[in-house]
Amino acid sequence: MKSSRLHSPWTPWLFLAPFLLSFGAFIAWPAVRSLMLAFEQTYGPKTTAFVGTANLQFLVHDPFLWTAVGNTVVFTLAAVVLQIPVALGLALLLNRSDLRGRRFFRLVFFSPSIVGLAFVAILFSFMLEKRTGLINASLHHLFPAWNPDFPWLDRYVMPSLILAQLWISAGFYMVYFLAALQNVPGELLDAAHIDGAGAWQRFWHVTLPEIRPVLNIILLLVVTGSFQLFDLPYLLYNDTAGSGPDNHALTVVTYLFQTGFRSGDLGYASAIGWMLTLVLVGFALIQRRLARAEES
Amino acid sequence: MSTPDHRPLLRPSTLVIYVLLAGFGLITLLPFLWMICAAMKTQQDFYTSQFLPPGNGLFGVAWDHLSLSQFVRLFRELPVPRAMLNSVFLASVGSLLATFFCAAGGYALAKFKFPGRELLTTLILGTVVLPGALLLSPRFETLYHLHLVDHYLGIFLPAVAPAFGLYLFRQAMVNSVPNDILESARIDGCGEVRIFFTIVLPLIRPMISAYLIIAFIALWNDFITPQIILQSPELQPLPVAIFELKGLYAADYNLIMAGTLVSIAPVMFLFLLLQREFISGLTSGAVKG
């Protein structure tokens, strides 16, 4: 507080000004604008009419939205069940003081997450192809009973997306787990070991409680990230604007994007977006409350 | 710390760990290897071999079937050099601006007390919950009114104020810029702008390099924003350009794989150079230490 006498009251605003100008024009204002639009119906780019909660009412009975919600929930569940254990497993493998080449392996596992989604989509569209693709060919090579013409992209849309996302994300979350594991006090593990705790017991009763805060953050990141799945299906099924065969790739955000940019109904698109925001905020609040209850 | 006979957590045997790591590592890297081979093979070999084409050369590989002709084609016949320059320009200018804006903003929020600071911080950080797609159309509308559609400023201006970046720099300022130094500099009559550039920025250098590369890679990889904001083909960066190439030359697997490879290679190289900074920057928000 004594510092306030040494500098002018305008100084912090001078430093904030560039950020705030951009933030105000391209994040804050669009957020306010989209909230207004959620209660309007847009006919083309110019004409809008206030329709109150009509968008929200329509949303409840929109079969496409519910298809999208179903797909998104399936993807999110698979992401939680696959990405988190794989990421934690890789981190546990790497978290050994005597391991040689830890930085090399960390680099290898992390490398897919710096590949842009447009490039991942191109790569996986080739890799998931029927006979020539790497995935069917490898599976057929390992298990001769595997059908080399397994129709990943045509019939198994969600497994294709889940697989691609697992490749991208496992190493990304692994890095967070590894950082957390390295902060687990060695004395605690030693003490448990002296008390006769086995490897599994030490993991369950010492390591897991210690990395719980990071596990909670990663759960939040995986769920909110998966719920916003868009780029990957949009690019992989670009010929159908991201819907995929029989709308099997349609996610909530893809539907939002299609409604806003393809059909031009910005009002309805905003209503979808704000409903999604409420769901995500609700999840974050519930998860935080549960985490607090656990800790106390 | 640990006694010689001490066995740490989950240690069946060292060999099993290495075998598992090597197996998972191979699975992770196979797509890259497959892509590299595909980029150098002929169309014919793409259909008949998964990695290198079999033949009579060393190790039973038809080395003479491999060539860099698709890379030559990308750079001689197709607008890929231009797209690459566009990407370099967008990602480097954008990441520099975003880093500077976030550093300055984070400094103000962390090191000054002023009315409304808590509210402003909460509002800015609260926007990270908004789905990016929700803001796309209203943002496009604003850019349209400002005549910035199909202009690089239409990408730069929205990209320079990421809430996540502000959060990282605010944390870095709290952790590594001591108040006493700022106070004594002020008592010595040092100007505020000079304090920021000569004292504050050097103290948070690790976060600057970390955020520069985080922002660079994010901008390099962004597909949706340039696809929406830029309309002229000659302005498009690599993700859009290569994706369109895939639409035009769908059957030329080797060409598309070569294009993908040259688009990934620069950020991979950067990442190899700066992986420690990159990862510590990413995890600094979530994990202390």
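The values are calculated or read from the model by the stated rules, or taken from the named source; none is laboratory data. For clarity, every value in this text was computed on a predicted model and none was experimentally measured. Cβ placement follows ideal geometry from the backbone for every residue including glycine, while neighbour counts extend to all protein chains displayed. The area values use the complete protein model at the heavy-atom level, side chains included, leaving out ligands, DNA and RNA. Shrake-Rupley method; radii C 1.70, N 1.55, O 1.52, S 1.80 Å.
Some notes on this structure:
- Some residue of region B:177-195 being within 30 Å of A:Thr132 (Cβ to Cβ), more than 9 Å from chain A (Cβ to nearest Cβ) and buried (at least 16 other Cβ atoms within 10 Å of the Cβ): no
- Residue within region A:270-277 that is in contact (Cβ under 8 Å) with a residue 40 or more places away in the chain, more than 19 Å from B:Pro138 (Cβ to Cβ) and crowded, with 23+ Cβ neighbours inside 10 Å present: no
- Selection within region B:135-149 - touching a Leu at 6+ places or on another chain (Cβ under 6 Å) and within 20 Å of B:Leu90 (Cβ to Cβ): B:Val149
- Only one entry in B:Phe223, B:Phe278 is buried (at least 19 other Cβ atoms within 10 Å of the Cβ) and at pLDDT below 90, namely B:Phe278.
- Identity of the residue in region B:131-163, part of a loop (DSSP other than H, G, I, E, B) and among the aliphatic types (A, V, I, L, M), that ends up nearest to B:Phe216 (Cα to Cα): B:Val160
- A:Arg288 being farther than 30 Å from B:Phe243 by Cα and surrounded by fewer than 24 Cβ atoms within 10 Å (Cβ to Cβ): yes
- Within region A:134-159, tally of residues that are in contact with a Pro (Cβ under 9 Å, 6 or more places away or on another chain) and small (Gly, Ala, Ser): 1
- Among all residues of region B:263-274, there is at least one that is among the polar types (S, T, N, Q) and buried (at least 18 other Cβ atoms within 10 Å of the Cβ).
- Close pairs from region B:217-234: first more than 7 Å from every other protein chain (Cβ to nearest Cβ), partner outside any helix (DSSP H, G or I) and open to solvent by less than 10 Å² (accessible area, probe 1.4 Å), Cβ under 6 Å, at least 6 apart: B:Pro226/B:Pro237
- Matching option when the condition is closer than 29 Å to B:Gly154 by Cβ and not acidic (Asp, Glu), among B:Pro206, B:Pro239: B:Pro239
- Identity of the residue in region A:124-143, in contact with a helix residue (DSSP H, G or I) (Cβ under 6 Å, 6 or more places away or on another chain) and aliphatic (A, V, I, L, M), that ends up surrounded by the fewest Cβ atoms within 10 Å (Cβ to Cβ): A:Ile135
- Taking the criterion of being in contact (Cβ under 8 Å) with a residue 40 or more places away in the chain, under 18 Å from B:Val129 (Cα atoms) and within 11 Å of chain B (Cβ to nearest Cβ), the residues of region A:226-243 that qualify are A:Phe227, A:Gln228, A:Leu229, A:Asp231.
- Among residues of region A:56-95, those that are free of Cβ contacts under 8 Å to residues at least 60 places away in the same chain and over 14 Å from the mean Cα position of the chain (by Cα), counted: 10
- Subset of region B:100-125 (residues that are over 18 Å from B:Thr198 (Cβ atoms) and within 23 Å of the chain's Cα centre (by Cα)): B:Phe101, B:Cys102, B:Gly105, B:Ile124, B:Leu125
- Matching residues, region A:244-269, being surrounded by 23 or more Cβ atoms within 10 Å (Cβ to Cβ), more than 9 Å from every other protein chain (Cβ to nearest Cβ) and over 18 Å from the mean Cα position of the chain (by Cα): A:Gly244, A:Thr259, A:Gly267, A:Tyr268
- A:Leu6 surrounded by 21 or more Cβ atoms within 10 Å (Cβ to Cβ), at pLDDT below 95 and at the interface with another protein chain (Cβ under 7 Å from one of its Cβ atoms): no
- Exactly one residue out of A:Leu153, A:Leu208 is without any contact (Cβ under 8 Å) to a residue 12 or more places away in the chain and either facing chain B (nearest Cβ under 10 Å) or among the hydrophobic types (A, V, I, L, M, F, W, C) (or both): that is A:Leu208.
- With a requirement of 3 or more residues that are of a type in the set (A, V, I, L, M) and within 30 Å of B:Gly126 (Cβ to Cβ), the helices (runs of 4 or more DSSP H) lying completely within region A:185-296 that satisfy it span A:208-227, A:252-257, A:266-295.
- Positions within region B:13-69 being open to solvent by less than 40 Å² (accessible area, probe 1.4 Å), aliphatic (A, V, I, L, M) and not in a loop (DSSP other than H, G, I, E, B), in sequence order: B:Ile17, B:Leu21, B:Met35, B:Ala38, B:Ala39, B:Val61
- Among (1) within 13 Å of chain A (Cβ to nearest Cβ); (2) more than 13 Å from B:Ala258 (Cβ to Cβ) - the single one B:Phe46 does not satisfy: (2)
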